[in-house]
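Remarks on the structure that follows.
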Amino acid sequence: MDSLTHIVLGACIGEALAGKYLGRKAMLLGIIGQSIPDIDFISGIWLKGIDQIMAHRAFTHSILFAVIVSLLLSWISARMLHLHNLRLRKYILLFSVNIFVHIFIDTFNAYGTAILSPFSTTRYSFNTLFVADPLFSFGPFVATLWLLFAKQRATKNVIVALSGIALSSLYIGYAVYNKTIADSALEHTLAEKHIPSSGYISTPTLFNSWLWFIVVKQQQGYQVGYRSIFDKQENVVLHYIPRNDSLLRQAPDQQVVQDLIKFSNNYYTVEKWHDTLTLNILRFGQIGWQDSSTRFAFYYFLNQPDGNIMITQRGRFKEMDTKNISRFIRRIQGY
């Protein structure tokens, strides 16, 4: 999720677990614990291309990292705060819950997390939440604002913090429910129209869990389309896109190709933009949303590696002017 969401969740969890003992310091420690896995952004300073892709949400989002860093931060906090009435296990609980929650909710995004790193590079993703979803963040955001200005009344503060956390948890369940609606509509379409499929993925579009981007895998390519949970028609309108994997023979670095294919979970296409060989990773959706034949938001230049800086979600908001935002909202509504 985005950094603001992790910050407000960390503040609420910190208050709920240790506000009684640490006061507002509990919120600060919660924010540190909730944010620490994202230190992998530092790697972007010296890593480029495929190395940057593989480093993001890798070891710092793993179970091993969570255990090691929880213990380390707990020991440091106990030494610095000198609160003799607060046992070390309270700090361990505070940091471990925050770090594990960070890792857990990031698995709901399309990027996924390598939770078994460094023993496995496999990324786990539920493709259920967009990386920034205002409704998911709303509860803990409001709760954090209240806690920042509230008087130190422990019981009421804990209730407010837990309420913010509960609202986010309920929203995850709501997003999962919406995903099942989109998936059911797709399965109905595939069955009724006898469309061959070897699997499919659905992932939410910008800032919501109502409109879903759908990719159906076939032998030589994919059928892609959009489904709102408010659509009146039963079937999903699909558009065919060829995989074009024969173009991969032209790639100068075949190891990079294999790493990207693994990262894509075999949902990718290859295109030639003039003299540039480009690999698209489909689960991140398309630039804009209004046309299922448009380019994809996550693409990698295979024969121009120096052009692969800030790869994720490139051009995501291109052409999202006032007119297209209005069309986007109407499409969410089922029009």
Subset of the stretch 101-135 [in a strand (DSSP E or B) and either closer than 19 Å to residue 4 by Cα or of a type outside the set (Phe, Trp, Tyr) (or both)]:
113
Please report, ordered by residue number, the strands (runs of 3 or more DSSP E) entirely within the stretch 195-284 with at least 3 residues that are of a type in the set (Val, Ile, Thr).
211-217, 276-281
For the stretch 25-58, the count of residues that are within 18 Å of residue 6 (Cα to Cα) and touching a residue at least 24 places away in the same chain (Cβ under 8 Å) equals 16
Identify the residue in the stretch 291-307 that is among the polar types (S, T, N, Q) and either within 27 Å of residue 178 (Cα to Cα) or touching a helix residue (DSSP H, G or I) at 6+ places or on another chain (Cβ under 8 Å) (or both) and, among all such residues, is modelled with the highest pLDDT.
303
Could you go through the stretch 52-61 and let me know if any residue there is at pLDDT below 90 and of a type outside the set (A, V, I, L, M).
yes
Has the stretch 43-60 got any residue that is more than 19 Å from the chain's Cα centre (by Cα) and at positive phi?
yes
Restricting attention to the stretch 179-194, and to residues there that are surrounded by 15 or more Cβ atoms within 10 Å (Cβ to Cβ) and in contact (Cβ under 8 Å) with a residue 24 or more places away in the chain, which single residue is nearest to the chain's Cα centre (by Cα)?
179
Of the numbered conditions (1) buried (at least 22 other Cβ atoms within 10 Å of the Cβ); (2) assigned to a helix (DSSP H, G or I), residue 138 satisfies every one except a single condition; which is it?
(1)
Would you say residue 11 is outside any loop (DSSP other than H, G, I, E, B), in the same structural domain as residue 167 (by TED's automatic domain parsing), at pLDDT 95 or above and closer than 23 Å to residue 125 by Cα?
no
Can you give me the number of residues within the stretch 270-288 that are of a type in the set (S, T, N, Q), touching a residue at least 24 places away in the same chain (Cβ under 8 Å) and surrounded by 19 or more Cβ atoms within 10 Å (Cβ to Cβ)?
2
Test each condition in (1) touching a strand residue (DSSP E or B) at 6+ places or on another chain (Cβ under 8 Å); (2) among the hydrophobic types (A, V, I, L, M, F, W, C); (3) over 30 Å from residue 17 (Cα atoms) for residue 175 and report the one that comes out false.
(3)
Going through 71, 29 one at a time, which residue ends up being at pLDDT 95 or above and farther than 29 Å from residue 122 by Cα?
29
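Here's the yes/no breakdown for (1) in the same structural domain as residue 111 (by TED's automatic domain parsing); (2) of a type in the set (A, V, I, L, M); (3) farther than 23 Å from residue 279 by Cβ:
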| position | (1), (2), (3) |
| --- | --- |
| 183 | no, no, yes |
| 198 | no, no, no |
| 203 | no, no, no |
| 214 | no, yes, no |
| 218 | no, no, no |
| 223 | no, no, no |
| 238 | no, yes, no |
| 248 | no, yes, no |
From the list 113, 122, which residue is exposed (fewer than 15 other Cβ atoms within 10 Å of the Cβ), more than 14 Å from residue 34 (Cα to Cα) and not assigned by TED's automatic domain parsing to the domain that holds residue 206?
122
Selection over the stretch 308-335 where residues are at pLDDT 75 or above and farther than 18 Å from residue 237 by Cβ yields a count of 9
Residue pairs qualifying under the 6 Å Cβ cut-off, at least six apart or on distinct chains, with the first in the stretch 154-166 being closer than 16 Å to residue 5 by Cβ and the second being among the charged types (D, E, K, R), are 161/15
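The values are calculated or read from the model by the stated rules, or taken from the named source; none is laboratory data. The structure displayed is predicted, hence computed values, not measured ones. FYI the Cβ positions are ideal-geometry reconstructions off the backbone, even for glycines, and counts take in every protein chain you see.
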